[in-house]
Amino acid sequence: MDFHYNKVRVYIFGIRLGKLGELIMDAYGDHVTIQNEENRYKRLFHITEKFHSLMDKESLLREIIVSLEQLYPSFSCYLLLSQDYHNQNELPIIDLEYDSENIIAMEAYVSGNTKMENSLEERRSILYAPLKGKQGVYGVLQIIAPNILVFPKDEIEFITLLANAAGGALENTKLYQQSRQVISDLQLINETTHRLNSKLRLKDMISYMTNQIKHSFQAKEAGFFLLTDNLINSKLLPGSTPFFYTKQAYPYIEYIKNKILMEKEALFFGDINIPSINGIKCFRSIMAVPMIQRGKFKGFSIVMNQEPYFFSFEAFKLLQSLIHHSALALSNSMLREELERMIITDHLTKLHSRNYLDEKIQLSMKEDEQGTFILIDIDNFKNINDTYGHQVGDEVLVQVANIIRGNIRDHDVGARWGGEEMAIYLPNVTLETGVAIAERLVKAVAECSVPSITVSCGVSYWHKDMLDSYNYLFKRADESLYTAKGTGKNKVINQNDRIKAS
């Protein structure tokens, strides 16, 4: 009896011990599961910290991919990004386009909710988790799991949290880059405005603007144009890139000018198609901004690159701001130089004033090797005024001035000496060349003037090896002119001829 009773007790104790073991094993299993989950979420926390410590988009995207590959080594992971990304490191990144055939990915992107695509035939499951930030969705995380028909619920939750962390970090890098770009843009505008307000010459100002634009926007060409003749024609401002001086630039200039005057606002072309000339490669990306002063069109700027869609819309807005802030300085520079021209220019003939000529000759005698001075007088000018009137006399002066400008170089100086007398100074020109120019001038006046007139010229010359002065140079030319007038007019007499004649 006692034996059987004890045997039953042992049996019951064994059952209880087995139950206890099961409970212990279950508890241990739960503990291991909890510990694993805790470790996973600790890892998620560290991954999130790493994501948010990176401010460079390239580094962040690489870290996202590496973390996914470490967490799911047997899965295929892709980032479907909604914004343009130049993949230089062959990361598994795909552009997420609105016309994409991947409807479920677009649903996840638009709705902001995780979506699943399960395929019994292909024996795989695909998860699409949106990369969400506080301000929007920046793409979709795609995870392809082979040989899995359905993602576990806790795995979906974990991946969704990971995608949210990645989305938040992407948003932070975007905001950081935007803030840096804003600071850079403000520095560019401030630096440019400060430099332009330092009273640079117009050519130097345009050159500075051109270099700033080429550097900041990676542009190939940059040109500035002044509208003239009641906005009909455009004048290229010196300092623009050389391309705009070529025939190939003409179609672009005319098209932009007409378009900007018609629409009266800045233009942005991502892929314009204007035919090239002589096989020159077309410029596809163009930005054009009007220069407006006090509500009036003064001109416009053109910025171009040969690659299509090269400039971003942010760059377009920055260019508008830059031109807007620069317009006043450019306008002031043009007005200042126009005022200078008025001061040093004779209002009737548009030749330089005598004071300007005096300054240029005296400077040349200090810096150059040699120079030739031509003094010109219109023969019998009083008879012209008496016969035709002073208005025709003025027209004759203008005709002679135009002929002078047509027979000298840009850096030569043509001036109104006084009354019917004019003068030319030719820096670094020999006496023989100066005489040839004077003779050509005498011939042109006799052939082209209406009414027909003639001129006489006296020519003097200096060389650095000669002991000379400005006053003596003028005296020799004046004496030569007097000789020309007294020996028949309509001729050229130089300082050596006068000495021989005397």
- Check: C-alpha center region 112-161 vs C-alpha center region 394-442, spacing in Å is 85 Å
- Message: Cross-link candidates for Lys50: which lysines have Cα within less than 27 Å, leaving aside residues fewer than 8 places away along the same chain?
- Response: Lys42, Lys115, Lys132, Lys134, Lys153, Lys174
- Query: Once you sort the root eigenvalues of the Cα gyration tensor of region 354-501 as a ≥ b ≥ c, which label holds: rounded (a/c under 1.5), prolate (a/b larger than b/c) or oblate (the other case)?
  - Reply: prolate
- Query: Hey, got the dipole for region 295-438? About the Cα centre, +1 on K and R Cβ, -1 on D and E Cβ, debye to the nearest 20?
  - Reply: 640 debye
- Query: What residues qualify as long-range amide H neighbours of Met291, i.e. H under 5 Å apart, gap of 5 or more or another chain, H built at 1.01 Å from N?
  - Reply: Lys298, Gly299, Phe300, Ser301
- Note on the structure: Sparse-neighbourhood loop hits (trypsin sites (Lys or Arg not before Pro), region 377-421; DSSP loop; Cβ within 10 Å at most 10 others) -> Arg409
- Quote the charge dipole size of region 354-501 about the Cα centre in Debye, to the nearest 20; the model charges only the Cβ of Lys and Arg (+1) and of Asp and Glu (-1). 240 debye
- Message: If I model a spin label at Tyr388 and Tyr482 as a point 7 Å from the Cα along the Cα→Cβ vector, what separation in nanometres do I get?
- Response: 3.0 nm
- How far is it, in nm, from the label point at Val110 to the one at Lys475 when both lie 7 Å from their Cα along the line to the Cβ? 9.6 nm
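Computed from the coordinates by the stated procedures, all read-outs in this text should not be read as laboratory data. No experiment lies behind these values; they were computed from the predicted model shown. No Cβ is skipped: glycine too gets one built from the backbone with ideal geometry, and neighbour counts run over all protein chains shown.
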